[in-house]
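> Following this message is one structure expressed as structure tokens.
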Amino acid sequence: MTVTRKMLANKLIKYINRETELSSLISWAEEMTKEADFEDKHFELLRDILARIGLADVREFGLTWDDCYDYLHKLGYDVKVEVSETS
């Protein structure tokens, strides 16, 4: 499997939207770091972000909203938050 910018961005978006849990994101990042190939053009960026996400279960590192925002921006995405009132 080859990890691309789009694939990593989609995983982060699912996490932000609470469609996946942090533990699942961490497990995926750890597995991809060990087993996957990376999109050649963005090898270092993808490797660095995945390695950092893989450490998010360590208290000193974690994964904040700002981290996700910065990662998505580095991956070439603008982040826009939309809030709607619930009934």
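> Between Trp65, Trp28, which is under 22 Å from Val79 (Cβ atoms), exposed (fewer than 15 other Cβ atoms within 10 Å of the Cβ) and aromatic (Phe, Trp, Tyr)?
On inspection, the qualifying residue turns out to be Trp65.
> Return the total of residues in the range 68-84 being at pLDDT 95 or above and open to solvent by less than 100 Å² (accessible area, probe 1.4 Å).
Going through the range 68-84 one residue at a time, the tally reaches 8.
> Here is a follow-up. Please go through the range 33-54 and pick out each residue that is of a type in the set (A, V, I, L, M), under 28 Å from Val81 (Cα atoms) and in contact (Cβ under 8 Å) with a residue 24 or more places away in the chain.
Leu45, Leu46, Ile49, Leu50, Ile53
> For residues that are touching a Leu at 6+ places or on another chain (Cβ under 9 Å) and either outside any helix (DSSP H, G or I) or surrounded by 17 or more Cβ atoms within 10 Å (Cβ to Cβ) (or both), tally how many sit in the range 34-54. Walk me through how you get there before you give the answer.
Going residue by residue through the range 34-54, those that are touching a Leu at 6+ places or on another chain (Cβ under 9 Å) are 36, 38-39, 42, 45-46, 49-50, 52-53.
Of the ones still in play, those that are also either outside any helix (DSSP H, G or I) or surrounded by 17 or more Cβ atoms within 10 Å (Cβ to Cβ) (or both) are 36, 38-39, 42, 45-46, 49-50, 53.
Selection size over the range 34-54: 9.
> Any idea which of (1) in a loop (DSSP other than H, G, I, E, B); (2) modelled with pLDDT of 95 or more; (3) polar (S, T, N, Q) is the one Ser87 doesn't satisfy?
(2)
> Which condition from (1) surrounded by fewer than 11 Cβ atoms within 10 Å (Cβ to Cβ); (2) under 20 Å from Val79 (Cα atoms) is the one that Leu22 breaks?
(1) is the only condition that Leu22 fails.
> Given the conditions (1) of a type in the set (Asp, Glu); (2) in a helix (DSSP H, G or I); (3) in contact with a Leu (Cβ under 8 Å, 6 or more places away or on another chain), report the number of the one that Asp57 does not fulfil.
In the conditions (1) of a type in the set (Asp, Glu); (2) in a helix (DSSP H, G or I); (3) in contact with a Leu (Cβ under 8 Å, 6 or more places away or on another chain), Asp57 misses (2) alone.
The values are calculated or read from the model by the stated rules, or taken from the named source; none is laboratory data. Note that the structure is a prediction, hence the values are computed from the model and not measured. Don't worry about glycine lacking a Cβ; one is built from the backbone with ideal geometry, like all the others, and counts go over all protein chains shown. Accessible surface is based on the protein model in full, side chains and every heavy atom, while ligands, DNA and RNA are left aside. Shrake-Rupley method; radii C 1.70, N 1.55, O 1.52, S 1.80 Å.
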